[in-house]
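Asks: I'd like to ask some things about the structure below.
Derivation of every value follows stated rules applied to the coordinates shown; laboratory data play no part. Here the structure is a predicted model, which means the values were calculated and not measured. Cβ: placed from backbone, ideal geometry, glycine included. Neighbour counts: every protein chain shown.
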Amino acid sequence: MKDDRRSPLRNAHTDRDTAKQIPETQQTLSPSYRLAFADDEFLYRDELRPVRLQLELQKFEMLMDEHGIDSTVVLFGGARIPAPPDKDTARTKTLADLSRFYDEAREFARLMTAKSKETGNRDFVIVTGGGPGVMEAGNRGAHDEGGQSIGLNIVLPHEQAPNPYVTPDLAFNFHYFAIRKMHFLMRARAICVFPGGFGTLDELFETLTLIQTGRMQRVPLLLFGREFWERIINWDALAEAGTISPEDLDLFRFVESAAEAVELVENWGPADTRTDLPDR
């Protein structure tokens, strides 16, 4: 491996490889003799959780910088929403009806990837959770356009693999949900939320809270499918109850199609970060 560092000191790769060649003795076979950074059992200890959190934060940031990616467009949505040709296999009629959003997510991602390619794939790069359903549709749309896209997978108790449309060098895997959530939003230029379940709702409300409280700059936050969202969430009831402000209902927009979403993203003007909460 070519060493491009400026430092004249031996690098970690060299010492790791050298350590593998040492004679086997009682001392060298002891776990205490292993190099700390090459000792998996040591790194897995509970006391090393802060280090593992930092590694998950840093690895993604470094690789995104190496790929020259400055901004992203985030797609959240249900893993259970099928592609239209497969809607007859859906578990419920509602899921079958929601299959149209697979095509809308795919087309939206394709259109945004065309815009991204104009920037040399530096801006408006599609990022999804890397799984099936709406996530697959997003990565697939970028693939259709011949562009790159990101998949942020997470280790789950049941087997999960990235969908085949994620750009291989931009396929990531996480242990910590919190770090994965940070990476979704740290470079987000727009956020599109399609119908989904607990995970989608979690991502939606965390994003809304960050924008509402001024912890995040306002960006286009687009909810695909007004009928779905107004059926599962009584937004007006929250405002009427006073648990949110009427102004909070302006933090997002409903859209129905890819074209409508693209138009909103492209015409989104500068929006100031909130400095105070209305009605407080």
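Asks: List the aspartates and glutamates whose Cα sits under 16 Å from the Cα of LYS59, skipping any in the same chain fewer than 8 residues away.
Replies: Reachable aspartates and glutamates: ASP70, ASP169.
Asks: Ok, one more. What is the order of GLU41, GLU145, fewest Cβ neighbours within 10 Å to most? Display every interim value, and only then the final one.
Replies: Working: GLU41 8, GLU145 19.
By the 10 Å Cβ count, ascending, the order reads GLU41, GLU145.
Asks: In square nanometres and to one decimal, what's the mean projected area of the convex hull around the Cα atoms of the chain? The partial results should precede the final answer.
Replies: On the way: hull surface 79.5 nm².
For the chain, averaging the hull's shadow over all directions gives 19.9 nm².
Asks: When the helices in the chain are scored as -39500 (n - 2.57) per DSSP H run of 4 or longer and the sum is shared across all residues, what 222 nm value do you end up with, to the nearest 500 deg cm²/dmol?
Replies: Details: 11 runs with 113 residues, N = 280.
So the calculated ellipticity at 222 nm is -12000 deg cm²/dmol.
Asks: Further question on the same structure: Roughly speaking, what is the centre-to-centre gap between segment 52-72 and segment 176-191 when only Cα atoms are used, to the nearest Å?
Replies: One Cα centre to the other: 11 Å.
Asks: While we're here: How large is the charge dipole for the chain, taken about the Cα centre, if only the Cβ atoms of Lys, Arg (+1) and Asp, Glu (-1) carry charge, to the nearest 20 debye?
Replies: Using Cβ point charges on Lys, Arg, Asp and Glu, the chain gives about 640 debye.
Asks: Still on this structure, I have one more. LYS87: which lysines have alpha carbons under 29 Å from its alpha carbon, excluding same-chain residues fewer than 8 sequence positions away?
Replies: none
Asks: Rank the residues GLU136, GLU266, GLU47 as a footprinting-exposure proxy: fewest other Cβ atoms within 10 Å of their Cβ go first.
Replies: The order, fewest Cβ neighbours first, is GLU47, GLU266, GLU136.
Asks: Let me ask you something else. Rg and Dmax of segment 1-149, Cα atoms, in Å?
Replies: Here Rg and the maximum Cα pair distance are 22.9, 66 Å.
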